1. Could you work out Rg/(2.2 N^0.38 Å) for the range 313-411, with Rg from alpha carbons only?
2. Excluding residues fewer than 8 places away in the same chain, name every one of the lysines whose C-alpha is closer than 27 Å to that of Lys351.
3. Pick from Pro310, Pro104, Pro372: which is most flexible by mean-square fluctuation in a GNM of the chain where alpha carbon atoms under 10 Å apart are linked?
4. Quick one: accessible area per residue over the range 172-312, 1.4 Å probe, rounded to a whole number of Å²?
5. Of the beta bridges DSSP finds with both residues in the chain, what % are antiparallel, to the nearest 5?
6. I'd like the Karplus ³J(HN,Hα) series for the range 337-352: coefficients 6.51, -1.76, 1.60, θ = phi - 60°, whole numbers in Hz, and an x wherever there's a Gly or Pro.
7. Please list, in order along the range 98-113, the HN-Hα scalar couplings obtained from phi with the Karplus expression 6.51 cos²θ - 1.76 cosθ + 1.60 (θ = phi - 60°), rounded to whole Hz, x for Gly and Pro.
8. Using θ = phi - 60° and the Karplus form 6.51 cos²θ - 1.76 cosθ + 1.60, what ³J(HN,Hα) does each residue of the range 297-313 get, whole Hz, x for Gly and Pro?
Amino acid sequence: MQSERGVRGRPPRRPRSRRIQVSTSHFQAALQRLTGQSLRRALSPLESASGPVVNYAGRTVILLSSNDYLGLAAHPRVIQSAVEATERYGAGSGASRLVSGSLPPHRSLEAALAKFKGTEGALVFGAGYLANVGVIPNLIGRGGLILADRLCHASLIDGCRLSRADFRVFRHGDCAHLETLLRRRPDNRRTLIITEGLFSMDGDVAPLDDLVRLAEQYDALLYVDDAHGTGIMGAGGRGTIEQFGLEGRIPFHMGTLSKALGSYGAYVVGSDDFVQYLLNVARSFIFTTALPPAMAAAASAAIAIVETEPERRARLWANRHYLFKGLQNQGFRLTATVSPILPVLIGDAAKASAFADRLLAHGVYATAIRPPTVPDGTSRIRFTVTAAHTTDQLDEALQAVQRAGRETGLL
């Protein structure tokens with residue numbers, strides 16, 4: 001009989017350990033293809049807080065690529081709120097709120113969001129991506145139909161795919177095309193219409209009034225991602241839904257804390273029943289560690305600033321009009337933007353990358369946006385302006401844009 005020491009007293013043989021050999025040729029080939037198509041990306045070494053001016057690899061440059069529209073990411077009250085929450089509650093939340101408890105900063109933020117958005121309740125997620133992939137599959141499933149705007153964000157598209165519903169796109173902002181698709185569907189088929197409120201890459205807004213009309217007429221649900229509209233659109237900064245006067249007619253929507261609110265994370269607002277439903281079924285909420293308390297406290301402070309400092313929003317729009325007019329006067333072709341997102345259309349990815357490189361050489365940091373972020377043939381420089389930029393900074397940036405445009409043959 002064989003003992004633990006093996007046959008005839010010898011120690012048992014141990015299996016030989018083998019290193020898993022991973023060939024990097026596939027990765028190298030993929031990177032080479034991306035490089036050849038001018039689509040390879042790399043991280044940029046910033047060494048300062050986000051603001052109108054940043055330290056890029058030891059140089060001071062004007063930043064025109066940030067979504068910190070109201071300049072709140074480095075606001076003293078926002079930072080102090082984050083510091084105090086960290087000192088009291090720690091750097092991390094420990095686990096999912098359903099597992100280790102719901103901290104006061106999370107509860108306070110959700111109450112502030114519901115009040116700000118005029119809804120019964122709110123639920124905070126770790127990121128906008130997590131909100132969309134968590135919510136959409138719980139609004140509709142197999143056998144249903146999703147109709148989404150062609151330019152919807154990747155997180156919305158992935159949420160649609162995870163739902164396992166049939167998925168169709170309608171032409172960007174084209175409600176006539178959407179209505180054609182609604183008419184073709186079988187009677188009583190559960191349908192979800194999806195759009196961004198303010199489109200992040202084009203800077204235009206969805207025709208929410210017509211989308212609401214169609215949703216009501218054809219008994220469909222409407223889901224709005226207002227990540228870029230929150231804080232800057234509407235008289236009170238409550239977003240594109242407020243701007244269109246549709247509060248109360250869109251039962252739920254989502255947005256993020258990481259853009260105009262200067263923090264990190266995302267939210268979904270709606271009825272108390274809807275929020276409690278998501279709390280029980282949204283996998284990206286249930287199985288994810290909660291937002292750090294500092295981020296929740298920072299976002300609450302930012303909401304208070306948005307509500308009490310409308311002059312900050314006024315500065316943003318004045319800066320937007322100034323930069324928009326300057327780019328137009330130089331002869332650049334922009335999208336049909338109506339927001340602080342000012343995309344200059346280039347078309348070719350290589351030319352867009354070259355333009356961005358020359359901008360940086362002249363002291364302006366504005367990245368080239370290329371496929372798959374935008375459709376083929378629509379590469380661009382996506383300029384974004386904030387309330388924190390000064391007129392002198394914008395004048396300096398416009399001079400750099402003109403020089404870079406001439407050097408790259410775009411002007």
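The values are calculated or read from the model by the stated rules, or taken from the named source; none is laboratory data. Keep in mind the model is a prediction, meaning the values are calculated, not measured. Here the Cβ positions follow ideal geometry from the backbone for every residue, glycine too, while neighbour counts run over all protein chains shown. Remember, those area values only see protein heavy atoms, side chains included, never the ligands or the DNA or RNA. Shrake-Rupley method; radii C 1.70, N 1.55, O 1.52, S 1.80 Å.
1. Values: Rg = 12.7 Å, N = 99, 2.2 N^0.38 = 12.6 Å.
Here the answer is 1.01, to two decimals.
2. Result set, ordered by chain and number: Lys325.
3. Most flexible of the set in this elastic network: Pro372.
4. Details: 5240 Å² over 141 residues.
Accessible area per residue, the range 172-312: 37 Å².
5. Details: 25 of 43 bridges.
Restricted to the chain, the bridges split so that about 60 percent are antiparallel.
6. 6, 10, 9, x, 8, 10, x, 8, 6, 10, x, 7, 5, 5, 5, 5
7. Each residue's phi maps through the Karplus curve to give 6, 9, 10, x, 9, 6, x, x, 5, 5, 5, 5, 5, 5, 5, 5 Hz.
8. Taking θ as phi minus 60°, the curve returns 5, 4, 5, 4, 5, 5, 4, 4, 5, 4, 6, 10, 10, x, 5, 5, 5 Hz for the range 297-313.
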